[in-house]
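What follows is one structure encoded as structure tokens, with my remarks underneath.
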Amino acid sequence: MKLIDEILTFNEQFVEEKQYEEFTTTKFPNKRMVLLTCMDTRLVELLPRAMNLRNGDVKIVKNAGALVTHPFGSIMRSLLVAVYELQAEEVLIIGHHDCGMSGMKPDHIMESMRKRGKSEAALDTITYSGVDVREWLKGFDNVEDSVAHSVKMVKKHPLMPNDVPVHGLVIDPRTGKLDVVVNGYDDVKFI
Ligand SMILES: [Zn+2]
């Protein structure tokens, strides 16, 4: 059975049996926070469980590496929407050890693109359009530094309210252990 058929078959039964009932909640986070973390498969269930988070507790934004790379990209917009419109009062950025974005080699990805049929001309066109693909695909060397950098981007963002604590943490994808990189309460201007 194809993946999507498998999902749809399961889904039909899920709805039929009203299994959704135990997940009923609102769009506002009970724990008043928004969390940015990595799309890593190991964190799908482990991270919420390790943090005692259940459906309805938190807004979660994910991308590769838990990175805030652009001050006006979709990640930053999501965090701002969570704060201004959805009652999130604190921001948590959670990177993890052994992340795929750590030490990622742009040249390796570009080689894979070529193997999958992306032409040199296509890559050239992007480059000549002013996009530095290598830079865009670059990950990070050190997860603590990366988390601290993302915290700074969010904390110093001109549209982020000053009284919102922005915390930085790193999680172990095997044990779920959290380590604090930046304690957002140390740097909050309470109004
Ligand atoms: Zn990751």
Helical contribution to [θ] at 222 nm, DSSP H n ≥ 4, -39,500 (n - 2.57), averaged over the chain, rounded to 500
-11000 deg cm²/dmol
If one puts a single equal scatterer on every Cα of the chain and applies the Debye formula without solvent, what log₁₀ I(q)/I(0) results at q = 0.11, 0.15, 0.17 Å⁻¹?
-0.63, -1.02, -1.15
Can you give me the relative contact order of the chain as a percent, contacts being Cα pairs under 8 Å and 6 or more apart?
22 percent
Give the peptides 92-99, 143-150 in descending order of average Cβ contacts within 10 Å, highest first.
92-99, 143-150
Packing-based order for 6-14, 164-172, using average beta carbon neighbours within 10 Å, highest first:
164-172, 6-14
In units of 2.2 N^0.38 Å, the Cα radius of gyration of the stretch 101-191 is 1.51
So between residue 128 and residue 21, what do we pick up on full extension, going 0.36 nm a residue minus the alpha carbon distance?
33.3 nm
Order 126-135, 151-160 from most to least packed using the mean count of other Cβ atoms within 10 Å.
151-160, 126-135
With point charges of +1 on the Cβ of Lys and Arg and -1 on the Cβ of Asp and Glu, referenced to the Cα centre of the stretch 1-154, which listed residue (108, 129, 119) lies farthest in the positive direction of the dipole?
129
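Work out, step by step, the length gained on full extension between residue 159 and residue 86: first 0.36 nm times the residue separation, then minus their alpha carbon distance; give nm to one decimal.
Using 0.36 nm per residue and subtracting the Cα-Cα distance, I get 24.7 nm.
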Distance between the C-alpha centers of the stretch 5-52 and the stretch 77-126? Whole Å please.
22 Å
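Only Lys, Arg, Asp and Glu count, each charged at its Cβ (+1, +1, -1, -1), so figure out the dipole size of the stretch 78-191 about its Cα centre, rounded to 20 debye.
380 debye
No value in this document is a laboratory result; all are computed from the given coordinates. Just so we're clear, the structure is a prediction, and the values are computed from it rather than from any experiment. All Cβ positions, glycine included, derive from the backbone under ideal geometry; neighbour counts span all protein chains shown.
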